[in-house]
Amino acid sequence: MSQTRRPETIAAAHGVAADAAFGAVTPPIVLSSTFAFAGYDRPRAHDYSRGANPTRELLADAIAQLERGAAAIVLASGMAAVDLVLSRLRRDDLVIAPHDCYGGTYRLLAARRERGHFDVAFVDQNDDDALRAALARRPALVLIETPSNPLMRVVDIRALAAGAHAAGAKVAVDNTFLSPALQRPITLGADFVIHSTTKYLNGHSDVVGGAVVAADRAEAETLAAWANTIGVTGSPFDSYLTLRGLRTLFPRLLQQQANAAAIARFLVGRAEVSAVHYPGLASHPGHAIAKAQQSGFGAMLSFELAGGAEAARRFVESVEVFAFAESLGGVESLVAHPATMIHAGMGEEARRAAGIDDGLLRLSVGLEAEADLIAGLETGLAALGDPTPLTGAFDARSK
């Protein structure tokens, strides 16, 4: 399929009716782990699925086209995607990472630093002085997460990429929160784009996967070879499911972000809520940058309850429609408590530095009716004024 086609068409139709064997409209899934050689010393395009698989390649091609990259590598998880980009680094290299990044990314970076694989500087990337000082150390890689997880801080990708390149660094952007439907970091100067395909690209909370898109084909080939070497490529069946989910990416996000915008407006007016973090609000500090580099504001938001941890406990035990669970980007709405869930592994000091307090809740807004979503939130907020103790453990300290 030509890259000149609109992204909505690429998502909906890449690989459709391209089956030469039977004329199947839906691309067949190739589950075989191994492929027959044509003869002695005559391998075909595929020999073993860890290194190359037709179904995985079809998904990789679609994601690469959507991100306007040279090629993509499909992996077993989003964390495998982050780690694959980090595999480029040497022992004395420096990574500049967001101080408020996803807890799993923070944990991975801290663990590899502890093991002496490379050095890491966690920096507030909206602090010009701190960023300038970090870039002066000549990093090898600048990792960007915009909007950040969970505080929805926005980074100017074009400006930071220019500064990073001037310092001799490569730039990788985690685009999981927005997907290529709403943001394309390679067009803004990024060298790599990272995805947890578990989230919006699949969109149905039934697959764990990841992807790395490279702006340069040679870089992509190097990463693909390493992914095969260490065995972190995605499975054919998961690739098939993710491609099926990708078909509806654009209409899903269109409705989900409409719901999210309505919820953000609703929460802003509530006395129980001390802050709402959603770049679509004109009051958000990153609103102008988001408007300039994104084609929408997405369906993720977070908000802070004035009552802290106890208010958060009461809310999640009473809210309706929103399931209390980790992950995001599915058709169903979820609420998470970062301090005890997705960012528990950061430690209290790092969470405090990032601004993640005990009253912060993160919402992944789904496709339910707007009125039902707001009514469900109303139920959760109403519980904050009820002095009756609630039962049930509020301890989701898992991943």
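The values are calculated or read from the model by the stated rules, or taken from the named source; none is laboratory data. These numbers were taken from a predicted model, which means no experiment stands behind them. Ideal geometry is used to build each Cβ from the backbone, glycine not excepted, and the neighbour counts take in all protein chains shown.
Miscellaneous remarks
- Considering the range 2-21, and only residues there that are touching a residue at least 40 places away in the same chain (Cβ under 8 Å) and in a loop (DSSP other than H, G, I, E, B), the residue that is surrounded by the fewest Cβ atoms within 10 Å (Cβ to Cβ) turns out to be 3.
- Put simply, of 318, 364 the only residue that is within 18 Å of the chain's Cα centre (by Cα) and among the polar types (S, T, N, Q) is 364.
- Selection within the range 361-389 - surrounded by fewer than 12 Cβ atoms within 10 Å (Cβ to Cβ), modelled with pLDDT of 95 or more and part of a helix (DSSP H, G or I): 371
- Residues being in contact with a Ser or Thr (Cβ under 9 Å, 6 or more places away or on another chain) and farther than 16 Å from residue 143 by Cβ - total across the range 184-203: 8
- Among residues of the range 223-245, those that are more than 15 Å from residue 54 (Cβ to Cβ) and not in a helix (DSSP H, G or I), counted: 2
- Only a single item in (1) in a loop (DSSP other than H, G, I, E, B); (2) surrounded by 21 or more Cβ atoms within 10 Å (Cβ to Cβ) is not met by residue 204, and it is number (2).
- Across the range 36-73, the qualifying residues are those that are hydrophobic (A, V, I, L, M, F, W, C) and surrounded by fewer than 16 Cβ atoms within 10 Å (Cβ to Cβ), and the one among them that is nearest to residue 185 (Cα to Cα) is 45.
- Residue ID - farthest from residue 233 (Cα to Cα), chosen from residues in the range 22-69 that are in contact with a strand residue (DSSP E or B) (Cβ under 6 Å, 6 or more places away or on another chain) and not in a loop (DSSP other than H, G, I, E, B): 67
- Odd one out for residue 275, checked against (1) over 20 Å from the mean Cα position of the chain (by Cα); (2) within 22 Å of residue 103 (Cβ to Cβ); (3) in contact (Cβ under 8 Å) with a residue 40 or more places away in the chain: (3)
- Residues that are part of a strand (DSSP E or B) and either over 22 Å from the mean Cα position of the chain (by Cα) or farther than 20 Å from residue 165 by Cβ (or both) within the range 110-140 comprise 119, 122, listed in sequence order.
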